[in-house]
Every structure is written in C-alpha cells, then in structure tokens.
Amino acid sequence: MITREDVARVINEELYGAFPIEFGEISRNRQSMDSYVSKILETCQRRGFTYTDLRDGARALTEGDEGNYRITISKIVKYAEIEKKKRERRDGTGRRRIITPEEESYEMYLAEMKKPPEQRNEWLIRRLLPSCEIFTNPEAFKKKYGKYREEFEKY
C-alpha cells in the first residue's frame, strides 16, 4: 500500500524537477502541499496503486506530450492507472480477459439463433459451427490451444 511519504517523494523527485514553477508554488505553502498530497494519496489508495505505479506514471507524464501543459491530479492518476495496468499484465493479475476468435464466433452464432427461423442466415451458421465446437468442447479447445480454456485465460 502506498504511503504519504511515497506520494511526497514522487512529487519531490519526479514532478518538482520537471515542473519547478507549478510545484514550487505548492511546496512553499505547507497547507496546500498537504492538501495536494492527501488528494493524490486518497486516490491512489482507493484505486490500489503502488509506489512504482505512481512513480512510473509521473515519469511517463513528464516524458510525454502532456508534460508541457498544466499538471493536474487527474493527469497524474491517469498515467498511474496506465502503469498499474502494465504491471498487472506483466504479473498476470489483470482483469482483462483474452477473447479468442472462437468465442466471438460463438457469440455471433448465439445472436443468429435468437432470430426467428425464417430470418436466420443459414450460411453464416454453417460457417460458425466449427468455431463453436472448439469453444464449447473443452477437448477441442485443448487440442487447438494446448490448454483448457480456464488455464489459457488465467481467470
């Protein structure tokens, strides 16, 4: 979990050096600095950011195109969110599902089957059946991808 000291360190080490005018004004006024750190800390804790997420997000912000404009808390949080998603993808703990072409085909098949029989596209249904077989049959899925769908998708 990120701490108040971590947020202050990111502001001092990453943002103050790149934006001395904006963050210099904040650092001169103790009350506004405390308020700024508290707002960032609250957002970071609510969204589950780590110190590295916030630090890497601040670095990406200063190196990116938006670094030339006024820095807001929402921009800092947006970049930290991007870094968090990158970290989760590397760790394999993200919430993003892998959607295979077979799953898309199965969804199209179900949409066609919901239509009345006279409105269905029979050609499309015949084309989608092999993919539907792979998606619905665990052994066929394993044969194609080498793992069962639960193992392949990780979650």
Handout entry: Hey, R95 touching a helix residue (DSSP H, G or I) at 6+ places or on another chain (Cβ under 9 Å), over 18 Å from D6 (Cβ atoms) and either modelled with pLDDT under 90 or not in a loop (DSSP other than H, G, I, E, B) (or both) or not
Key = yes
Problem - Filter result (among the charged types (D, E, K, R) and either modelled with pLDDT under 85 or not assigned by TED's automatic domain parsing to the domain that holds E22 (or both)) within the range 62-92 - result: E63, D65, E66, R70, E88, R89, R90, D91
Practice task
State whether the residues of the range 28-43 include one that is of a type in the set (V, I, T), assigned by TED's automatic domain parsing to the domain that holds K78, more than 11 Å from V77 (Cα to Cα) and modelled with pLDDT of 80 or more.
Solution key: yes
Exercise for the section: Could you tell me whether the range 107-116 includes any residue that is at pLDDT 85 or above, assigned to a helix (DSSP H, G or I) and under 25 Å from the mean Cα position of the chain (by Cα)? Expected result: yes
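The values are calculated or read from the model by the stated rules, or taken from the named source; none is laboratory data. Since we're looking at a predicted model, the values are computed, not measured. Positions of Cβ are generated from backbone atoms using ideal geometry, with glycine treated the same way; all protein chains shown enter the neighbour counts.
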